[in-house]
Structure formats: structure tokens, C-alpha cells
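Colleague: Supplied in C-alpha cells, the structure appears directly below.
The values are calculated or read from the model by the stated rules, or taken from the named source; none is laboratory data. What you see is a predicted model; the values in this text were computed from it and never measured. Counting neighbours? That spans all protein chains shown, and the Cβs are built from the backbone with ideal geometry, glycine included.
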Amino acid sequence: MRRLAISLLAGAMLVLAGTVSAQYRRGSVQAHMAGPDTYDARFHYCRAAYRINPFGDGGGWLTDYPLADIDLSIRLAELTKTPVSIDPTGAPRHLIVRLTDDELYQCPIIVMQEVGRLFFDPQDAAHLRDYLLKGGFLWVDDFWGTYAWRSWVAQIRKVLPPGEFPIVDLPITHPMFQTQFEMKRVAQIPGLGYWRWSGGGTSELGADSAEVHSRGIFDSKGRLIVFMTHNTDISDSWEREGDDERYFYRFSVDGYRLAINVMLYAMSH
């Protein structure tokens, strides 16, 4: 019965995928910057903007924008009872937040892409630490290989020092992975372009990114405050859901299952 339900879910999602992608292909960065009046007590996908590290690795904070933000918001509304903020055109009100703005505290969860490329200055680090320790949640995704990992760790350690906040591997038995969908693993999801170019490969940096890492940082009370998906591109499975039917069935369903679990867990813990 569970397999049948998942298959029916996948089919229903694919029917809408092409329409969603075509309808919301464009998005204005400035129009989606969070401000004092942008929150309405409903869910907003909050993408965190960050400074670029010239010695880092990866793209930048706008990777997969805006369709990843839009598509996940739509699926969250469809697959859960979460009230998602919608604008007058029917599009989700997804937001971009700066780490140093007060609007950060309106987001129960913030998402960052390609964090091998980010840089935290002292003010960024202080604000992010305060946000996390006051109940916020950070999910970082889509960074590959040893160099990007080391670059990310060097920056998050400005926020949460290792002696007090160790990074740990999260077992698949952790409650977050069972929030709505029972997960057996965190999938390695490549970008659609790499998957096509490589003839179906999933490890974008070969042996250096062969193993997916699902890691976390907990606060002193045992609450998960940072979730890291390394050597996988979960957000591309949302952004590119309507671009290739084979990619959708191979990766997008798993990507949404994880994302729904993470969002619900972060908003309830």
C-alpha cells in the first residue's frame, strides 16, 4: 500500500511539474527581498543570502533560484497541511533574507545553497549564531567534495565553535527522516546537467564526492539547529522537476520526501 501511494503521488506531481516550471520560470531578486511587512504568519521559503568567499568552491547563494524555492513551496502546500503564503497571482511568496537583517528571525528555517562558496564576517556570524540559538534552523545543500566541505567548516566554525558544537553524522533512524515519509537513505542527487552529460552518473566530483554525508549540529539542549547535505544536490530535484521525466522519477520524488520531512521537523522542534 505504501509503494502504491508513493507511485500515485509521483504521478500526480509529474502532471503538474511542466506547468509549474513554465509558469514561474522567472523571478525578481529585489522583489523577493524580505522586509518588515512581508510576513503574514504563513510559511515562506527563506533563502539566505551570503557573502562570497573568493577562495571558496561553488556557485553562489542564488543557485537554483527561483524555481527551487517556488516548487518546494507548492509541494509543501500540496502534500501537507502547512499554510503557505501566496501572492495575488497564486504564486508562493518565497523570500530572500540577509543574515544581518531583523527579518531573519521571522523565518523558522533558512536554506543556503553551494555553501563551499560562502564567507561569514563577524557580524554575519554573530547574527546567525543568535538566530540559531533562539530557535532557528539552517539547512545547507549542494556542495561537493573535500575542498568545499573544508571551506564550509571553516566558516560555520566562526558561528558555532567545535568544542561546544561538534558536527555529527545523522543516522537514517533520526526522527527527522521519518517525520512524514519513512526514508531508507538520503539519495545522491546530481544536477540535471551533470546527470545528462555523464550518462546517468551521480557523483559530480568522482571519487571525491562518492559518499553522501547527512550531518548535523545540535545545541546544548539536543535540538538540531544545522542540517548539512553534502555531496548531493537536493534542491536541483525541485528546481528541475519539470525538465526531464526520467530525472523526475529517478530523483525528484526522493528530493521532495526529504525536503518535506526537514521542513516539518524544523518547524515543530
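Colleague: Which residues, counting only those in the range 255-268, are over 16 Å from Met183 (Cβ atoms) and either hydroxyl-bearing (Ser, Thr, Tyr) or over 17 Å from the mean Cα position of the chain (by Cα) (or both)?
Modeller: Ser268
Colleague: Then there's this: If you check Leu264 against the conditions, is it modelled with pLDDT of 95 or more and either among the polar types (S, T, N, Q) or over 19 Å from Trp139 (Cα atoms) (or both)?
Modeller: no
Colleague: In the range 171-193, is there at least one residue being touching a residue at least 24 places away in the same chain (Cβ under 8 Å), in contact with a strand residue (DSSP E or B) (Cβ under 6 Å, 6 or more places away or on another chain) and not polar (S, T, N, Q)?
Modeller: Taking every residue of the range 171-193 in turn, at least one turns out to be touching a residue at least 24 places away in the same chain (Cβ under 8 Å), in contact with a strand residue (DSSP E or B) (Cβ under 6 Å, 6 or more places away or on another chain) and not polar (S, T, N, Q).
Colleague: Could you please find all residues in the range 128-170 being surrounded by fewer than 20 Cβ atoms within 10 Å (Cβ to Cβ) and of a type in the set (Val, Ile, Thr)?
Modeller: Thr146, Val153, Ile167, Val168, listed by residue number.
Colleague: Could you count how many residues in the range 72-105 are assigned to a helix (DSSP H, G or I), hydroxyl-bearing (Ser, Thr, Tyr) and touching a strand residue (DSSP E or B) at 6+ places or on another chain (Cβ under 9 Å)?
Modeller: Number satisfying all stated conditions: 1.
Colleague: Now for a separate question. If only one of Thr89, Thr63 is of a type in the set (S, T, N, Q) and surrounded by fewer than 20 Cβ atoms within 10 Å (Cβ to Cβ), which one is it?
Modeller: So the residue among Thr89, Thr63 that is of a type in the set (S, T, N, Q) and surrounded by fewer than 20 Cβ atoms within 10 Å (Cβ to Cβ) is Thr89.
Colleague: Moving to a separate point now. Looking at the range 236-254, which of the residues that are over 18 Å from the mean Cα position of the chain (by Cα) and basic (Lys, Arg) is surrounded by the fewest Cβ atoms within 10 Å (Cβ to Cβ)?
Modeller: Filtering first and then ranking leaves Arg246.
Colleague: Then there's this: If you check every pair at least six apart or on different chains, which have Cβ atoms under 6 Å apart with a residue in the range 36-50 that is within 15 Å of Val262 (Cβ to Cβ) first and a residue that is part of a loop (DSSP other than H, G, I, E, B) second?
Modeller: Listed by first residue and then by second, the contacts come to Phe43/Thr82; Tyr45/His94; Cys46/Cys107.
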